[in-house]
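Novice: Sharing a structure, written as structure tokens. Questions coming.
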Amino acid sequence: MRLIHLSDLHLGKKLYEFSLLEDQQYILKKIINIIDEERPDGVILAGDIYDKSVPVTDAVGLLDEFLSDLATRDLQVFVISGNHDSAERLSFGSKIFSQSGIHFSPSYKGQVSPIIMEDEHGPVNIYLLPFIKPTMVRQIFEGIELKSYTDAVRSAIEAMEIDESLRNVLVSHQYVTPGKTDVNVGGADNVDVDIYEIFDYVALGHLHNPHHIKEERIRYCGTPLKYSFSEADKDKSVTIIDLGPKGELEISTVPLVPRREMRAIRGSYEELSKKSFYEDTSLRDDYVHITLTDEDSVLDAFAKLRIIYKNLMHLDYDNTRTKAHREVDGAIRVDQKSPLELFAELFERQNNRPMDGEEEKLTKQMIDKIWEGDL
Ligand SMILES: [Mn+2]
């Protein structure tokens, strides 16, 4: 059985006030082409279908188009809601859709009945678990203490009463981290990967970089497009899973090439406005983030550079002044701090003391492990 795993479409997303709708429409067409070539039995959309819980109408139209395209093909579609989606809105009309082979997770009420697919090796149970938080499931699992996201998802999985002799696939949208963490991180939303081990494949959504957690079969497929300049150097892909008999699976990827690349460039105003810098590249068309290294601000730099770089999204400076400004006090912007710095601040506020060497080392290891993808 062949499945295609997608997630985090974030339809309707804007970046620096640029609508990415045309880019999204373009990449969904590419995905349809890949589907026609690879002929999967099922297509998984692992949450964050929309960027907003109340999506703009163009985004709704785009999903409609995509699902209609899929519905005309001989395959099943599995959709769950992510933290950006409204579970109720997304699952509107789900009973009618399921007759066309498009299955939405209903908003979570404590029960997940699998959708059963069949191939020459027998049945495959597909479990659709929408994004859940401890507060959402506390009323459901009365008498069980749910302190963390791990507890919440564990309870949800236990309630599924999985038949381990069969092949089971879970679709889930959570922030999954490797191994047990014994640091008490207040308010952390991470889910321990170990609770997913019962499944033959776990199609994850939420993190934007394609990667697996601990086991190959517990996997984030990543976004179909780059949604941040921090991803400028990362490649996007579609993940394909071939399930063999119980215990056997193969995973491969097909690269996705966007309509426009996203590039972060830096240099002086003079360098970046030289024809020789941009003329042999697609930079004039790409989505560009420029960091100017000039010591003095250039008058109207944004407007002027936008004449060259038509899709200039953002411009900032990196010079003696901005560096000094950053070092002075807490004036530094949150998104310019490293995760470790941010965590150290939180730790100090909660515990009234800074982290000691051992704690800092452990935190750094955890961050290194988990910070491959953007949240
Ligand atoms: Mn998410």
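The values are calculated or read from the model by the stated rules, or taken from the named source; none is laboratory data. Remember, it's a predicted structure, so these values are computed and weren't measured experimentally. Note that we place each Cβ from the backbone using ideal geometry, even for glycine, and neighbour counts take in every protein chain shown. Side chains are part of the model used for accessible areas, which takes the heavy atoms of the whole protein and leaves out ligands, DNA and RNA. Shrake-Rupley method; radii C 1.70, N 1.55, O 1.52, S 1.80 Å.
Novice: Can you tell me which residues in region 278-307 are farther than 14 Å from I265 by Cα and not in a helix (DSSP H, G or I)?
Specialist: Residues satisfying the conditions are E279, D280, E295, D296, S297, V298, L299, D300.
Novice: Okay, next question. Quick one: is G82 within 16 Å of the ligand (Cβ to nearest atom), surrounded by 21 or more Cβ atoms within 10 Å (Cβ to Cβ), assigned by TED's automatic domain parsing to the domain that holds H173 and within 28 Å of S252 (Cα to Cα)?
Specialist: Yes: the conditions hold for G82.
Novice: Now for a separate question. Does Y108 count as in contact with a helix residue (DSSP H, G or I) (Cβ under 8 Å, 6 or more places away or on another chain), within 26 Å of K369 (Cα to Cα) and open to solvent by less than 90 Å² (accessible area, probe 1.4 Å)?
Specialist: So Y108 fails the test.
Novice: In region 235-272, which residues are open to solvent by less than 40 Å² (accessible area, probe 1.4 Å) and not in a strand (DSSP E or B)?
Specialist: Hits for region 235-272 are G244, P258, S268, L272.
Novice: I need every pair where a residue in region 111-133 that is at positive phi has its Cβ under 6 Å from the Cβ of a residue that is aromatic (F, W, Y), sequence separation at least 6 or different chains.
Specialist: If the second residue must be aromatic (F, W, Y), no pairs are left.
Novice: Scan region 212-226 residue by residue and report those that are within 16 Å of the ligand (Cβ to nearest atom) and either in contact with a Ser or Thr (Cβ under 9 Å, 6 or more places away or on another chain) or at pLDDT below 95 (or both).
Specialist: Those that are within 16 Å of the ligand (Cβ to nearest atom) and either in contact with a Ser or Thr (Cβ under 9 Å, 6 or more places away or on another chain) or at pLDDT below 95 (or both): I213, R219, Y220, C221, G222, T223, P224.
Novice: While we're here: Among the candidates D200, D189, D235, D242, single out the residue that is among the charged types (D, E, K, R) and touching a helix residue (DSSP H, G or I) at 6+ places or on another chain (Cβ under 9 Å).
Specialist: The unique qualifying residue is D189.
Novice: Of A59, A71, which residue is surrounded by fewer than 18 Cβ atoms within 10 Å (Cβ to Cβ) and touching a strand residue (DSSP E or B) at 6+ places or on another chain (Cβ under 8 Å)?
Specialist: A71
Novice: Filter region 21-76 for residues that are within 22 Å of S107 (Cα to Cα), in a helix (DSSP H, G or I) and of a type in the set (V, I, T); which is nearest to the ligand (Cβ to nearest atom)?
Specialist: V60
Novice: Give me the pairs, please: first residue somewhere in region 4-20 and farther than 10 Å from K52 by Cα and in a loop (DSSP other than H, G, I, E, B), second residue anywhere and within 16 Å of the ligand (Cβ to nearest atom) and among the hydroxyl-bearing types (S, T, Y), beta-carbon distance under 6 Å, and either six or more positions apart or on two chains.
Specialist: That search, which allows pairs on different chains as well, returns D8/T223.
Novice: In contact with an Asp or Glu (Cβ under 7 Å, 6 or more places away or on another chain), without any contact (Cβ under 8 Å) to a residue 60 or more places away in the chain and among the aliphatic types (A, V, I, L, M): which single residue out of I251, I307 fits that description?
Specialist: After applying the criteria, what remains is I251.
Novice: If you check I307, I290, which single one turns out to be touching a helix residue (DSSP H, G or I) at 6+ places or on another chain (Cβ under 8 Å) and β-branched (V, I, T)?
Specialist: Going through I307, I290 in turn, just one is touching a helix residue (DSSP H, G or I) at 6+ places or on another chain (Cβ under 8 Å) and β-branched (V, I, T): I290.
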